[in-house]
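A.B. asks: Mind having a look at this structure? Questions to follow.
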Amino acid sequence: MNEKSTAADGYGRLLATYLGPQRGRVILLAALVLLTLTLQLANPQIIRYFLDNLQQGGQLRALLGAAALFMSVTIVQQIVLLAATYVGEVVGWTATNALRVDLARHCLRLDLSFHKAHTPGELIERVDGDVNELANFFSRMILTLVGNGLLVIGVLILLWRESWQIGLSITLIALVSVLIVNHLRKRIVPRWEALRGADADLFGFLEERLNGTEDIQTSGAKGYMMRGLDQLLSRRWRAAQRALHLDAWIIPTPIWVFALAYAAAHLIGGRLFLDGSLTIGAVYVIFYYIGLVEGPLWQTVEMVDQLQRASAALNRIVKLRQVQPTLHDGDGVDLPAGPLAVTFDHVSFQYEDVAPLSSSLSGLSAEALPTVANNGAEDKDKVQEVVIHDLSFHLEPGAVLGLLGRTGSGKSTLSKLLFRFYDPSDGSIRLGTPDHMVDLRQARRSDLRGRIGMVTQDIQLFHASVRDNLTLFDKQIPDPRVLAVMDEVGLSTWLQELPDGLDTQLSGSDSNLSAGEAQLLAFARVFLIDPGLVILDEASSRLDPATEQRIEAALNRLLTGGDEARTCIIIAHRLATVQRADQILILEDGRILEYGMRLALAADPNSRFTRLLQTGLEEVIT
């Protein structure tokens, strides 16, 4: 399948998907555009009648009637044009908003490996920036281009009707101009696509570096970052130059087209008028029709420019939608209520880097896309890093595991495997009860994550109400349960001091919450889902002692879980946090360095855990 047919199919699917639900509005918009076209072609005939009648000494009443009809048609034409513009904008915004929602939902479905390879800024540029380029395409671009094309055809037919010589000359000029513009259009689409890719890389770079402003300043890396910014800006400038230089050949097309058209009208029309073959009204109509298509032709040239940008944006959107998750839900199994047993059975795992969309895909042919779109499973150039080697251990329901190890030893990766952000490269992970364990790959991820709760050191807050931050926008959780949980974690006093209670708006990461309050909110989220397994990933590593006591109290209530204790995995750097653990597992380079019951390891003078207790946990493993 050639590139042209692929692009046409892409436009066709896009129009069918997002304009299909608005069929009534689209039909109304088409009717309005066609009505405007009809009125534009009809009005010159009224002027022709007026001029010919005036030349022949027609009656004043007929002349006034023609003038009144001309003004009426002009007014109606403007009203119809205004209505078409309004309906077109409604259609465009409805379609593009639906496309944004679908792209955002698609990105959320993709694997964590995809999000590691693409910054939030780049994805925002794709979901919002590229879709913005399609807004006019959805609203009026196609119908306007079609309408202008029909207008030109109508004008040519009427010119042939007046004089075949003029009709032939104007038709030849129009055909030559269309061929030239179409040739330039094919060459400019890849250049606009390269510019959109440079924009995405630039915005991704800015978003990531602005988020790390403090680290950049304290590490003295400003010069390095500015050099990176300069390189991206230079790349964008070169891409813009290449696109705009070729665009400059398309923009002046109407100038020479109409120069030739008016020259032909003067030479041929003037001779026919002098020969008596044309009346004054016919000569006027010829020049009027040539002038009538001048505005639409300029508009078409402008829209061809917009169409190139829309084509580039569409290509990038198609590439994004071709990327599919490699992790899929299992058939679904019922995870038991209460605390969950956990088994790692000879688990090994390695990260696989995913090729960036904006750079790696931009130069690929259509035949190469499916391979990369499936996260490049067969890509030999992909860098692979083995993080976990042959890891095996078992936790009984209600047991607490203290997980220790240096930075990069694989502790956080273990938690990601439990949440099934990734699947093991080898081995299996099972949850359930001792007599009925279930492989994670058999469960639905939504069910799985409803049975596992996690509290990390960095708490993500949203620009939303306290209620939505706690329930994560789940409207089915009632307020009484939210209030009960707030009281259970010790935040009821804090909640009462807020001006609007649960409706108080938090300002995301810039919210005026202390680190302890944010951690307690994270504990409240876990309480609300009532999990059977709790993972604490260094949850109290940056808290002062007073705040840590509040966290410890909330943790005690969380792990007891009412009648049955919850199973817990504590990833910690501090001795106080692992003192509640039943078992200790020490990782080093993704391998088990030591594993056993905490009391037994503490009593063994030769154990690594005893050494950690003697020398200080933070000094040894950080």
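Any read-out appearing in this document is the output of simple, stated calculations on the displayed coordinates, not a laboratory observation. What you see is a predicted model, and the numbers here were worked out from it, not measured in a lab. Neighbour counts are summed over all protein chains in view; Cβ atoms, including those assigned to glycine, are modelled from backbone coordinates with ideal geometry.
A.B. asks: Residue by residue, what Karplus-based ³J(HN,Hα) values in Hz, rounded to whole numbers, does the range 438-450 have, using 6.51, -1.76 and 1.60 with θ = phi - 60° and x for Gly and Pro?
C.D. replies: For the range 438-450, the Karplus curve yields 10, 5, 4, 6, 8, 8, 6, 5, 5, 5, 4, 6, x Hz.
A.B. asks: Give the long-range amide H neighbours of residue 350: residues separated by 5 or more places, or on another chain, with amide H under 5 Å away, using H modelled in the peptide plane at 1.01 Å from N.
C.D. replies: 387, 425
A.B. asks: Trypsin sites (Lys or Arg not before Pro), restricted to the range 390-496: which are DSSP loop and have at most 13 other Cβ atoms within 10 Å? Show your work: numbers first, answer last.
C.D. replies: On the way: sites: 406, 411, 416, 420, 430, 441, 444, 445, 449, 451, 467, 475, 481; in loops: 406, 420, 444, 451, 475.
Here the trypsin sites (Lys or Arg not before Pro) that fit, given the DSSP loop and packing criteria, are 475.
A.B. asks: So how do 148-160, 226-238 stack up, highest first, on mean other-Cβ count within 10 Å?
C.D. replies: Details: 148-160: 17.5, 226-238: 13.2.
Ranking, from highest mean packing down: 148-160, 226-238.
A.B. asks: For residue 68 and residue 611 in the same chain, what is the full-extension length gain: residue separation times 0.36 nm, less their Cα-Cα distance, in nm?
C.D. replies: 185.3 nm
A.B. asks: Among 218, 36, which comes first, then next, by fewest other beta-carbon atoms within 10 Å?
C.D. replies: The order, fewest Cβ neighbours first, is 218, 36.
A.B. asks: Once you have all Cα-Cα distances for the range 69-111, histogram them in 10 Å bins from zero and send the whole-percent values.
C.D. replies: 25, 24, 20, 15, 10, 5, 1
A.B. asks: Starting from the amide H of residue 566, placed 1.01 Å from N in the peptide plane, find each other amide H under 5 Å away whose residue is 5 or more places distant or on another chain.
C.D. replies: 560, 561
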